[in-house]
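**Student:** To start, I am sharing the structure in question, which I have written as structure tokens.
Throughout, read-outs are computed from the coordinates displayed, never taken from laboratory work. These figures come from a predicted structure and were not determined experimentally. Heads up, the Cβs are rebuilt from the backbone with ideal geometry, glycines too, and the neighbour counts pull from every protein chain shown.
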Amino acid sequence: MAKKITLNKDHSLKLLCKELYKQMGFCTHYEVLLRTKSYISSYKTHDISDIDVLGYKFNSDLSLFKIGSECKSGESSALEELFKFLGVFDYYKLDRGYLIKSKIHQNAREVAIKNGIRCFTEAEIRQLLLGFGIDIEKKLSIENAKYLKLTRSLASFKEKNDKLIEYLKFDFWNKEDWKNIHNIIHLFSNPSSNLLFKDQEVKSSEKQVFYHTLELFSYSLLFIIGQSMVLNYSDVKSSINNSLYGGAESLNEKRKIHDLVSQATSNNDSFEPNWHSDLINISTRLSESTYASSKIPEMIQYIIENSFYESKVSIKSEDIKDFPDLTRKFTQDLMHFLTKHCGLEKEIFEDFMKL
């Protein structure tokens, strides 16, 4: 029996904000946690705050645009909530923020607009959504069902690979993107991600988790590629190679440490992991067709939200007809890469690979 999910009092506002972001063309994620680390006698992690709804999209040149919201339904001061949100806004380097509250005083609106934040009451955001010509209540019901399904899928998958789920929930949005790439490959390679599927069918909910992780993987990879293009598009392959290790200086330091360890242990292991050259080649091709590449996360999230049912996955060519065909091919390349280098069962992504 599925575990009951408790929804907080701000949930309806989050659904409204999620629908607004979706109508604006953004990929979205709920409740992105802000964490910091400290070391006083022992290593500790602290949950500071969160973004109620995070939205992102890649432009055609692979530059990234991020938006985020603070949704509050209580009677707290809008100005107080705004000042708290400004810290989160700055920490995550959001390009635009939204404060959604039941009531918002004019003084809060004046401060917000000067700091790149837009304020809407529930009535105002509903009016904004009406301008898109949609049935709001129907959309909110659908969005709530999608939210519950993915939440349950992630919760049930925790029994198979708790480290992956913990990483996606608590660490992904707080790590540098080059680290996310390495960490997701490592966590996907964990035997608990795939060995438990031997000789048994992979459930629809389990596949959904892999697609969800694939979307996040593509986000980090595209961000790295976009940065690499700005640094040196003429030799983008070398630039991507540097960016995959945190930049030229970081790469140089890591190589020095590797060489010292190799000398001390007489170990001749290669510095680059076995997946390195394949990912560099894929990344280089993505950098050469940036419009199609920019649509990868959006297409994966569309599949996550619309193709997973209780007992089956249904992905048809007409479902993704609005996306470039090259976007489909690039996504299949990423699926093949993760299947090959993480030892995943081919069945996990076969529904999409057949297209």
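**Student:** Let's test the formula: R0 of 35 Å, r as the Cβ-Cβ distance of Leu130 and Asp47. What FRET efficiency results, to the nearest 0.05?
**Tutor:** Once the sixth-power term is evaluated, E becomes 0.45.
**Student:** Tell me, what HN-Hα J-couplings in whole Hz come from the Karplus equation 6.51 cos²θ - 1.76 cosθ + 1.60 at θ = phi - 60° for each residue of the range 339-354, using x for Gly and Pro?
**Tutor:** 5, 5, 8, 10, x, 6, 5, 4, 4, 4, 10, 5, 4, 8, 5, 6
**Student:** Here's something else I'd like to know. For Lys9 and Lys179 in the same chain, what is the full-extension length gain: residue separation times 0.36 nm, less their Cα-Cα distance, in nm?
**Tutor:** Values: separation 170, 0.36 × 170 = 61.20 nm, distance 3.46 nm.
Separation in residues times 0.36 nm, less the Cα-Cα distance, equals 57.7 nm.
**Student:** Follow-up. With +1 on each Lys and Arg Cβ and -1 on each Asp and Glu Cβ, how big is the dipole of the chain about its Cα centre, in debye rounded to the nearest 20?
**Tutor:** Working: 49 positive and 49 negative charges, 102 e Å.
Rounded to the nearest 20 debye, it is 480 debye.
**Student:** Which FRET efficiency, nearest 0.05, do Glu80 and Gln23 yield, Cβ-Cβ r, R0 25 Å?
**Tutor:** That pair, Glu80 with Gln23, gives E of 0.30.
**Student:** Run the numbers on the chain and let me know its relative contact order in percent, using alpha-carbon pairs under 8 Å that are six or more apart.
**Tutor:** 16 percent
**Student:** About the Cα centre of the range 38-173, what is the dipole size in debye to 20, counting +1 per Lys and Arg Cβ and -1 per Asp and Glu Cβ, all else neutral?
**Tutor:** Charge dipole of the range 38-173: 280 debye, to the nearest 20.
**Student:** Okay, next question. May I ask which residue of Phe85, Ile280, Ser218 lies farthest towards the positive end of the charge dipole of the chain, with charges of +1 (Lys, Arg) and -1 (Asp, Glu) on Cβ and the Cα centre as origin?
**Tutor:** Phe85
**Student:** If you don't mind, another one. At 0.36 nm per residue, minus the direct Cα-Cα distance, what do Lys354 and Tyr91 gain on full extension? Give it in nm, one decimal, please. Walk me through the numbers before you get to the answer.
**Tutor:** Details: separation 263, 0.36 × 263 = 94.68 nm, distance 4.14 nm.
Here the answer is 90.5 nm.
**Student:** Mind listing the phi-derived Karplus ³J(HN,Hα) values for the range 121-130, rounded to whole Hz, using 6.51, -1.76 and 1.60 with θ = phi - 60°, and x for any glycine or proline?
**Tutor:** 7, 4, 4, 6, 6, 5, 4, 4, 5, 4
**Student:** Which listed residue (Met229, Ser239, Leu338) has the Cα farthest towards the positive end of the charge dipole for the chain, taking +1 on Lys and Arg C-beta and -1 on Asp and Glu C-beta about the Cα centre?
**Tutor:** Of the candidates, Leu338 comes out farthest on the positive side.
**Student:** Still on this structure: Could you give the length gained by full extension between Ser234 and Gln263, i.e. 0.36 nm per residue of separation minus their alpha carbon distance, to one decimal place?
**Tutor:** Length gained between Ser234 and Gln263: 6.9 nm.
**Student:** In the range 254-355, if every C-alpha pair distance is counted and binned at 5 Å from zero, what percent goes to each bin?
**Tutor:** Result returned by the calculation: 2, 11, 17, 17, 16, 11, 8, 6, 5, 4, 2, 0.
**Student:** Now for a separate question. As a test of the formula, what do you get for the chain when each DSSP H run with n ≥ 4 contributes -39,500 (n - 2.57) and the sum is divided by the residue count, at 222 nm and rounded to the nearest 500 deg cm²/dmol?
**Tutor:** Rounded to the nearest 500, it is -17000 deg cm²/dmol.
**Student:** With 10 angstrom as the radius, rank Ser266, Ser141, Ser153 by how many other C-beta atoms surround their C-beta, starting from the fewest.
**Tutor:** Ser266, Ser141, Ser153
**Student:** Under a point spin-label approximation (7 Å from Cα along Cα-to-Cβ), what is the Lys340-Ala123 distance to one decimal in nm?
**Tutor:** 5.9 nm
**Student:** Given the chain, what whole percent of its Cα pairs are spread farther than 29 Å?
**Tutor:** Summing the P(r) tail past 29 Å for the chain gives 45 percent.
**Student:** How do Met229, Met24 rank when sorted from fewest to most other Cβ atoms within 10 Å of their own Cβ?
**Tutor:** Met24, Met229
**Student:** For the chain, modelled as a Gaussian network with Cα springs under 10 Å, which listed residue fluctuates most, Thr290, Thr151, Thr36?
**Tutor:** Of Thr290, Thr151, Thr36, the Gaussian network model singles out Thr36 as fluctuating most.
**Student:** Something else: Regarding the range 158-353, what is the average projected area of its C-alpha convex hull, in nm²?
**Tutor:** With every direction weighted equally, the projected area is 12.2 nm².
**Student:** Quick one: what are the phi-derived ³J(HN,Hα) couplings along the range 15-32, Karplus 6.51/-1.76/1.60 with θ = phi - 60°, whole Hz, x for glycine and proline?
**Tutor:** These are the phi-based 3J(HN,Hα) values: 4, 4, 5, 4, 5, 4, 4, 4, 5, 8, x, 9, 6, 10, 9, 8, 6, 7 Hz.
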